[in-house]
Amino acid sequence: MKATKLAIVLLCAVAAPAFAQAGKTRPDAINADTLTTITRTLASDQFEGRAPGTPGEDKTIGYLIGRFEALGLEPGGVDGSWVQPVPLLHTQLGKPETFAVTVGGKTTDWKYPTDAYVSTLQPKDVARIDGAPMVFVGYGVDAPERGWNDFKGQDLKGKVAVFLVNDPDFAAQVGEPVAGKFKGRTMTYYGRWTYKFEEAARRGAVAALIVHETEGAGYGWNVVESPGGENYDIVRKPGNVTSLALQGWISGGAAQKLFADAGLDMAKLRTQARAASFKPVPLNATLTAKFPVTQEVVQSQNVLAKIPGTTRPDEVVMFGAHWDAYGKGPADEHGKIYRAGANDDALGIAGILEIARLMKAGTPPARSVVFAAWSAEERGLLGSETYANAPIYPVEKTVANLTIDILQTAGKARDVILVGKGQGTLEDDLAKYAALQGRTVTPESLPERGLFYRADHFSLAKRGVPVLLMMGIAGASDLVEGGTKAGQAWVDAYTGKCYHQACDAVSAEWNLAGAVQDISVMYDIGSNLAHSARWPTWKDGSEFKKIRDKSAAARR
C-alpha cells in the first residue's frame, strides 16, 4: 500500500486538470473532453499498460482512488478502505524445449505460438506432457437438460482433449436435428472456451486444445496469441488446482494437418459432431511438450467507491468497468511496447467516473450506488469473480450491475446495441431511456461471439444479480454518419487490428459523441434505480432466473 499512497500523491498533478475541467461542465451531462482526458492518462506509458501486480497497477490504483476521492465519494472496499484484495496466480511460459505431435511414428514440431498457442494455470515451474494420447471430443458439451453428451463415457484422464469452438448448433443447417437446440447462432456458455477447459479438467485431462476458426471464436489468431504465454487465475487450494498442464488453441491449419495425418476427414467429423449420437474419436496421435514456467502469486486489487443511500442504504446499484490491460509486450511495428487498452477498458473506467460525478452532483440517492473498477478482467474476469465469491454488498440486495466494456468511438448512433436479448427486464429500461434520446435498440449482430459471457457483469449474473452490458463491439451501430455500413467498418477495424494490441490507443480520429450517448443511457438507468424501490428481474427462460428467485424473500 505504500506504493499506492505514493501513487496518489504523484498523480494528483495528473488528475487535477481533469477535475478542474469536470467542474466547468454542466452537472447533468457526460463530458466527452473529460472522457478523453481520463482515457489518455490511463493509456499513457506512465501507467505501463496497467497489468495486475506491476508498478503500473500501483499507479492505476492510486489514480483511481484520487479521482473518486476528489469527486467526494466514500471508500467502498473492505473494512472501510478503497480496495478489495485480489490474490492471483500469475504464470508465464518460456520458450518451449519440446512442443510436438506424433502421428503414426512421425513427429511434427509445432511452432509456438504460430501452430498452437497454450498457457498454464498450474503453480509449477515446468509445464510438461509426455506423449499423452489425443482425443477429439467434438464440441465437448455435457448438457443433460438438452439431451446432449459428447463424451459418451470416454476416459480423458491423462489425455489431451481436442475441441471444436462454439456450440454444437453453431454451424447447423436448416433441417438438422441440432438446429436451435443451443440457441442457434446465439452462443450459450457451453460454447465458451472457459467451459471447455473446465469440462476437460473435470474429466482429468492433462491438456485441452480448441481448434480455432475466426467465425466461431469471434476473433482472429492475433487475439488468441496476444497474452504471450501469460495467464492468471485466482489462488486455489491444492486440491482444486486444474488437471490441465496446458490449455489453449490449435490454429486451423495445424489442426487440418493433424487430422489428415491421422487419416481422418476433419470436415466430416465437424458434421458428425453436430449430432447427439457423436462419440469421441481417438486421433492416434500423442502430444509431447515441455515449457519452463515462471510462476508467482500476485497481489492485485479491485477499487470500490460508493455514494451511501439515504433511505435504503442496504440496497445497492452497482456500476462496473475494468481497470486492467495487458501491460508490456514485444514492440509492434511502431515500436510501442505497452498494450494499454485505451478503449478496452480505460474508456469504460472514464465512463463510470463521469457517472459518479453526475451522481454525486445530483440529489442524494435513496439506494447506495457503488462504483467498481475491477482487476484482471483480461485474465478471465478474475477481479469481479473474486468479488462475487466474497461480496462486500450482499448479492441478494444488489439491485443491478451495469457494466461498460468497450464503447464505439465513431460518433453518434441512431440505435444502441443490446447484449443478451431476452435475459432480463433491464433491456426494457435500455429501450425506454434510449427512446428519450431518439434512439432504438438493436440486438447484438454477432450473438455467436458469446459477449454476454465475456465481461465482468457475468460474475454477478452467475449469482443472480440482474445485469446490463454496454459493449461497442457487439454489433454494427447505425451511425448518424454512414449508417450500419460505417458501424460495421468500425467494428471490423477495431476487432481485426487493435483489440488487445498496442494500437488500442486514444486517436485523433475518435468521435466520442456515441460513447457519450451510451454512457448517458447507463447513467439514466442507474439513477432511476437508485432513486426508486424498483427491482429489475430476469425474464422467463433465463438461466439466471432460478438463482435470483431463491433469494426473493430478502427483497420483500
Out of Gly526, Gly487, sole residue that is open to solvent by less than 20 Å² (accessible area, probe 1.4 Å), in a helix (DSSP H, G or I), more than 19 Å from Asp428 (Cβ to Cβ) and in contact (Cβ under 8 Å) with a residue 40 or more places away in the chain: Gly487
Residue under evaluation Pro227, criteria (1) outside any loop (DSSP other than H, G, I, E, B); (2) open to solvent by 10 Å² or more (accessible area, probe 1.4 Å); (3) closer than 30 Å to Gly341 by Cα; (4) not basic (Lys, Arg), criterion not met: (1)
Residue within segment 304-325 that is of a type outside the set (Lys, Arg), modelled with pLDDT under 95 and open to solvent by 10 Å² or more (accessible area, probe 1.4 Å) present: no
Selected residue (only one of Ile65, Ile30, Ile61 is at pLDDT 95 or above, under 22 Å from Ala305 (Cβ atoms) and outside any helix (DSSP H, G or I)): Ile30
Unmet criterion (only one of (1) of a type in the set (Asp, Glu); (2) surrounded by 15 or more Cβ atoms within 10 Å (Cβ to Cβ); (3) assigned to a loop (DSSP other than H, G, I, E, B)) for Glu543: (2)
Whichever residue in segment 74-94 is touching a residue at least 40 places away in the same chain (Cβ under 8 Å) and more than 18 Å from Arg379 (Cβ to Cβ) and, among such residues, is surrounded by the fewest Cβ atoms within 10 Å (Cβ to Cβ): Gly94
Residue identified as in contact with a strand residue (DSSP E or B) (Cβ under 9 Å, 6 or more places away or on another chain), at pLDDT 95 or above and not hydroxyl-bearing (Ser, Thr, Tyr) among Lys268, Lys290: Lys290
Residue count for segment 410-441, restricted to those that are within 21 Å of Tyr499 (Cβ to Cβ), assigned to a loop (DSSP other than H, G, I, E, B) and either open to solvent by 10 Å² or more (accessible area, probe 1.4 Å) or at pLDDT below 95 (or both): 1
Segment 153-202 - residue that is in a helix (DSSP H, G or I) and basic (Lys, Arg) and, of those, nearest to the chain's Cα centre (by Cα): Lys196
Among residues of segment 442-473, those that are of a type outside the set (D, E, K, R) and in a loop (DSSP other than H, G, I, E, B), counted: 8
Residue among Leu347, Leu283 that is modelled with pLDDT of 95 or more, of a type outside the set (Ser, Thr, Tyr) and part of a strand (DSSP E or B): Leu283
Qualifying positions in segment 178-219 - more than 19 Å from Val137 (Cα to Cα) and either open to solvent by 40 Å² or more (accessible area, probe 1.4 Å) or touching a residue at least 40 places away in the same chain (Cβ under 8 Å) (or both): Ala179, Gly180, Lys183, Arg185, Thr186, Thr214, Glu215, Gly218, Tyr219
Single match in Gly327, Gly341, Gly335 (criterion: free of Cβ contacts under 8 Å to residues at least 40 places away in the same chain and either farther than 30 Å from Ala366 by Cα or more than 19 Å from the chain's Cα centre (by Cα) (or both)): Gly335
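If only one of Trp249, Trp221 is over 18 Å from Val160 (Cβ atoms) and among the hydrophobic types (A, V, I, L, M, F, W, C), which one is it?
Working: Trp249 fails: over 18 Å from Val160 (Cβ atoms).
The conditions single out Trp221.
The values are calculated or read from the model by the stated rules, or taken from the named source; none is laboratory data. Everything quoted here is computed from the prediction, not taken from an experiment. Note that each Cβ is placed from the backbone with ideal geometry, even for glycine, and that neighbours are counted across all protein chains shown. Ligands, DNA and RNA are stripped out before the accessible areas are found, and what is left, the full protein with its side chains, is counted by its heavy atoms. Shrake-Rupley method; radii C 1.70, N 1.55, O 1.52, S 1.80 Å.
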